[in-house]
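Chemist: Have a look at this one before I ask anything.
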Amino acid sequence: MIDLDHNATTPLDPRVREAMVELLARDDLGNPSSRHRRGQAAREVVEAARRRVAQALGAEALGVTFTSGGTEADDLAVLGVARALRAAGQPAGVLTSPLEHPAVRGSAARLADEGIPVAELPVDEQGRIDPTAVAEALRADPRLGLVSLAAANHELGNAYDLPAFVAAAREVRPQVLVHTDAVQALGKVPVSFAAWGVDLLSLSAHKLGGPAGVGALVHHRSLRLRPLFAGGQQERGRRPGTEATVLVHGLGHAVALAGAEQPRRRARAEALRQRLLEGLGALGARIHGDPVQHTGNTINAAFEGCDGELVMMSLDLAGFAVSTGAACSSGSPSPSPVLRALGQPPARAREALRLSLSASNTAAEIDALLAALAEILPRVREAGPVVRSAS
């Protein structure tokens, strides 16, 4: 199977696997919250991982909170901050966009149900967001206290100018908090908590060669966050539950490698992306997303008259892994909310495929995909549209 769905997950980096296996072989590790030697040995592993993440991102180690993944990190950022702001009697409304990951959009919807204001920024037909719109939205609604915008879009591959968003927001309201979901950015574009000037940053290990089931929310150490659930005082009271020592260890190594190798990974993936883009153009593809500011690995392509789900399944049978959108929303009969936000009608949005590459792909794999598409597309067009139960 040729993997062209790296935005959904990535293979475990052999170096990360080796580090985790070495840790699994140790018999001296206990609960990292225990005060005896076995517990403190595990605690040192957890804290070393925390330091690696902080160093790679230009953050403070005490501002790294480990979570079960990117979804929980997003939920903790949006729900945890908004609820803490409301409890403190401060503006708690959330400013976001219709392009965000389902975790951010879902958290915002939950806050709206709780009576907390939520506002969405306008986007253009390529999924771009004008920083001036951030300033205008904050100026128009003094109830907004948190801005949550992704550093890179999971479906389009757009990369965003976070410092510009932060500058626009702080010009209007210096105390406003800014969160970014950097899950799809880390390892593809330069990511810096300090240089970007954000207050919170989400990441996930399995998107960058680490293990599934672990992520982190990076934030200022003094930031007030309401925990999502009850329990102990782990992670300085922000995230109850015993830390997954081995997974956290893998996360630390994966983040460090992604930061150090980002330029090389980007150059390799971008060369393959350009090859794929040219081939898709020859097949008549319609490309969604920003042609200039992108992650260098993702293409969202659609073929007139071809149902994306049928193309994806046909490619799967031919030995290629691709997707039609966010892995967290797979199986939904509804067209992509991201493409709908770009102004695509439902029928055209359902024609989309997401192709996401990594430095491990090869030119031969790209050529093989293009050859397979040349055979598959006419058959899918002949089959006609798929009837679905939801629109």
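Each value in this text was obtained by applying a stated rule to the coordinates, not by laboratory testing. Bear in mind that the values here come from a model prediction, so they are computed numbers and not experimental data. Ideal geometry is used to build each Cβ from the backbone, glycine not excepted, and the neighbour counts take in all protein chains shown.
Chemist: What per residue convex hull volume, in Å³, do the alpha-carbon atoms of the range 58-100 yield?
Modeler: 118
Chemist: What does the helix-only formula give at 222 nm for the chain: each DSSP H stretch with n ≥ 4 adding -39500 (n - 2.57), the total divided by the residues, and the result rounded to the nearest 500 deg cm²/dmol?
Modeler: Helices in the chain give a 222 nm mean residue ellipticity of -13500 deg cm²/dmol.
Chemist: Here's something else I'd like to know. Please rank R38, R50, fewest neighbouring Cβ atoms within 10 Å first, as an exposure proxy.
Modeler: By the 10 Å Cβ count, ascending: R38, R50.
Chemist: Name the residue farthest towards the positive end of the dipole of the range 14-258 from the options H249, S34, P131, assuming +1 on Cβ of Lys and Arg, -1 on Cβ of Asp and Glu, about the Cα centre.
Modeler: So the residue furthest toward the plus end is S34.
Chemist: Place a +1 charge on the Cβ of each Lys and Arg in the range 1-140 and a -1 charge on the Cβ of each Asp and Glu, then give the dipole magnitude about the Cα centre in debye, rounded to the nearest 20.
Modeler: 780
Chemist: Let me ask another. Sort H36, H249, H206 by Cβ crowding within 10 Å, fewest neighbours at the top.
Modeler: So the ranking, lowest neighbour count to highest, is H36, H206, H249.
Chemist: Largest first, please: the extent of the C-alpha atoms of the chain along each principal axis, to the nearest Å.
Modeler: Cα extents, longest axis first: 66, 56, 38 Å.
Chemist: Count the DSSP beta bridges whose two residues both fall in the range 14-258, then state the antiparallel fraction as a percent rounded to the nearest 5.
Modeler: Roughly 45 percent of the beta bridges in the range 14-258 run antiparallel, per DSSP.
Chemist: Can you tell me the FRET efficiency between A318 and A61 if r is taken as the Cβ-Cβ distance and R0 is 35 Å, rounded to the nearest 0.05?
Modeler: Numbers: r = 47 Å, r/R0 = 1.34.
My answer for the efficiency is 0.15.
Chemist: Name the residues whose placed amide hydrogens come within less than 5 Å of the amide hydrogen of I2, ignoring near sequence neighbours (fewer than 5 apart) on the same chain.
Modeler: F320, A321
Chemist: Using only Cα positions of the range 245-351, each an equal point scatterer, no hydration layer, compute I(q)/I(0) via Debye at q = 0.11, 0.21 Å⁻¹ and quote the log10 values to two decimals.
Modeler: Computed log10 I(q)/I(0) values: -0.47, -1.21.
Chemist: State the answer as a single residue: which of P291, P98, A168 lies farthest towards the positive end of the charge dipole of the chain, with beta carbon charges of +1 for Lys and Arg and -1 for Asp and Glu, about the Cα centre.
Modeler: Highest projection toward the positive end goes to A168.
Chemist: Then there is this: What relative contact order, as a whole-number percentage, does the chain give when Cα pairs under 8 Å and 6 or more residues apart are counted?
Modeler: Numbers: 797 pairs, mean separation 88.2, N = 391.
After rounding, I find 23 percent.
Chemist: Give the calculated FRET efficiency between E382 and Q274 to the nearest 0.05, with a Förster radius of 25 Å applied to their Cβ-Cβ distance.
Modeler: Efficiency, rounded to the nearest 0.05: 0.20.
Chemist: Mind putting a number on the dipole of the chain about its Cα centre? Charges go on the C-beta only, +1 for Lys and Arg and -1 for Asp and Glu, and I need it in Debye to the nearest 20.
Modeler: 1180
Chemist: With the Cα gyration tensor of the range 77-185 in hand, give its eigenvalues times 5 under a square root as the equivalent ellipsoid semi-axes, listed largest first in whole angstrom.
Modeler: Rounded to whole Å, the semi-axes are 21, 16, 12.
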